[in-house]
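Report on the following structure.
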Amino acid sequence: MLIHSRDDGFLHPRSSEITPKGVYEGRRDMLRWMAGGVAGAAMASWAARDALAQAAAPGKLAPLAGAKSAVPGAQTMEKLTDYKDATSYNNFYEFGTDKGDPVKNAGTLKTRPWTVEVEGLVKKPGKYGIEDLLKLSAQEERIYRLRCVEGWSMVIPWVGYSLSELIKKVEPQGNAKYVEFLTLADPKTMPFVGSRVLDWPYAEGLRMDEAMHPLTLLTFGMYGEVLPNQNGAPVRIVVPWKYGFKSAKSIVKIRFVEKEPGTAWNKAAANEYGFYSNVNPNVDHPRWSQATERRIGDGGGLFAKRAKTQMFNGYEAQVGQLYAGMDLKKNY
Ligand code: MTE
């Protein structure tokens with residue numbers, strides 16, 4: 001993010017390295033076809049087994065099962081990122097600014113007891129213990145791409161349920177237009193919270209319709225287990241069509257407000273990180289292009305193959321209408 005020199009360089013892929021649109025669309029058609037039919041079921045389970053064999057968690061954390069989600073866009077045939085990569089190459093600035101810091105330092109994070117406070121413009125504010133929050137709705141597995149603003153991406157099987165389930169329970173008032181997420185900022189267990197990199201606590205926000213969108217996931221686990229600390233235990237959000245920094249980790253407060261809330265990266269550099277931060281290959285970051293991305297785990301470091309970044313990270317069919325008529329260059 002802001003203080004990093006970009007590890008990806010400014011390389012653009014050769015045209016042969018970009019997945020041709022036809023191939024990609026073919027995969028999507030295949031998925032649709034597989035959604036029905038016996039042959040489809042057999043192939044889907046084969047694909048899932050294959051993907052999990054490559055990516056499996058080591059089984060050191062508590063299992064957290066989720067039924068395969070039927071929410072449109074919540075499954076993909078893409079190869080899963082290896083668990084090891086997804087849990088050792090992280091952004092969690094409370095534990096340090098290097099990608100390897102969170103896995104080294106987040107062992108100090110105390111995830112029990114844990115309470116999430118729901119407050120602001122809702123009819124039913126309250127404090128939810130993490131165990132109650134886990135049980136509030138059925139857990140689902142969703143395979144989402146996470147595209148970081150820095151130019152890398154991962155494909156992760158997350159476990160959780162739509163944030164909308166919680167929002168419906170707390171009954172927002174008519175004037176609640178935005179949802180603000182505040183995360184833990186405990187200098188005793190988070191060594192970098194004292195640093196001046198960001199204005200702590202890490203804060204994020206969504207417009208109400210974005211928060212209510214079924215793809216917005218209140219997330220408790222990944223790879224069939226509870227979240228490792230470095231990935232935002234015990235609860236985070238994942239907003240798959242937005243740059244990764246919108247997906248706030250280790251949430252302690254969800255606040256319903258009337259005005260667009262301030263967010264950590266927007267406060268740090270407003271010209272670089274906007275409130276919306278939808279993945280958009282056509283709107284460059286002021287210091288680098290957003291047209292392509294490097295899939296973590298594909299190897300090759302700086303010279304790794306880069307894939308073409310997709311509008312709304314590939315979720316345009318599901319979320320495009322939320323931004324109809326908006327100038328996405330201004331609302332970056
Ligand atoms: N949440 C908190 N509390 N602190 C952070 O520094 N980093 C964000 C986001 N959520 C961050 C955070 C960024 S920049 C990214 S890319 C994603 O978490 C990374 O999530 P992952 O490490 O699970 O891949």
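Here the Karplus relation 6.51 cos²θ - 1.76 cosθ + 1.60, evaluated at θ = phi - 60°, turns the backbone of region 327-332 into coupling constants of 7, 6, 6, 6, 8, 7 Hz, with x for every Gly and Pro.
Taking amide H atoms as placed 1.01 Å from N in the peptide plane, the amide H of His285 lies under 5 Å from those of Gln290, each 5 or more residues away in sequence or on another chain. The fraction of accessible area contributed by carbon and sulfur in region 83-125 is 52 percent, rounded to a whole number (1.4 Å probe; ligands and nucleic acids excluded).
Packing here is the average count of other Cβ atoms within 10 Å per residue, and on that basis the peptides 322-328, 120-126, highest first, run 120-126, 322-328. For Val279, the amide hydrogen comes within under 5 Å of the amide hydrogens of Lys242, Tyr243, Phe312, Asn313, counting only partners 5 or more places away or on other chains and with H modelled in the peptide plane. Under the simplified labelling scheme, the Asp98-Ser195 pair shows an inter-label distance of 1.1 nm, with each label point 7 Å from Cα along Cα→Cβ. All distinct Cα pairs of region 253-332 go into the 1/r average, and the inverse of that average, the Kirkwood radius, is 14.7 Å.
Based on protein heavy atoms only, region 60-174 ends up with 42 Å² per residue of surface accessible to a 1.4 Å probe. Which of the three applies to region 193-332, rounded, prolate or oblate, going by the alpha-carbon gyration tensor with a ≥ b ≥ c and a/c under 1.5 meaning rounded? In terms of gyration-tensor shape, rounded.
Rolling a 1.4 Å probe across the protein heavy atoms gives region 257-332 an accessible surface of 49 Å² per residue. Mean separation of Cα pairs under 8 Å and 6 or more residues apart, divided by the residue count, gives region 116-173 a relative contact order of 38 percent. Protein-only accessible surface at a 1.4 angstrom probe places the residues Arg142, Arg196, Arg112, Arg295 in the order Arg196, Arg112, Arg295, Arg142, largest first. Under the convention that each Lys and Arg Cβ holds +1 and each Asp and Glu Cβ holds -1, the size of the dipole of region 126-197 around its Cα centre is about 180 debye.
Taking the accessible area of region 182-332, probe 1.4 Å, and keeping the other protein chains in place, the carbon and sulfur fraction comes to 53%.
The values are calculated or read from the model by the stated rules, or taken from the named source; none is laboratory data. All values reported here derive from a predicted model rather than from experimental measurement. For neighbour counting, all protein chains shown are included, and Cβ atoms are generated from backbone atoms with ideal geometry for every residue, glycine included. Ligands, DNA and RNA are stripped out before the accessible areas are found, and what is left, the full protein with its side chains, is counted by its heavy atoms. Shrake-Rupley method; radii C 1.70, N 1.55, O 1.52, S 1.80 Å.
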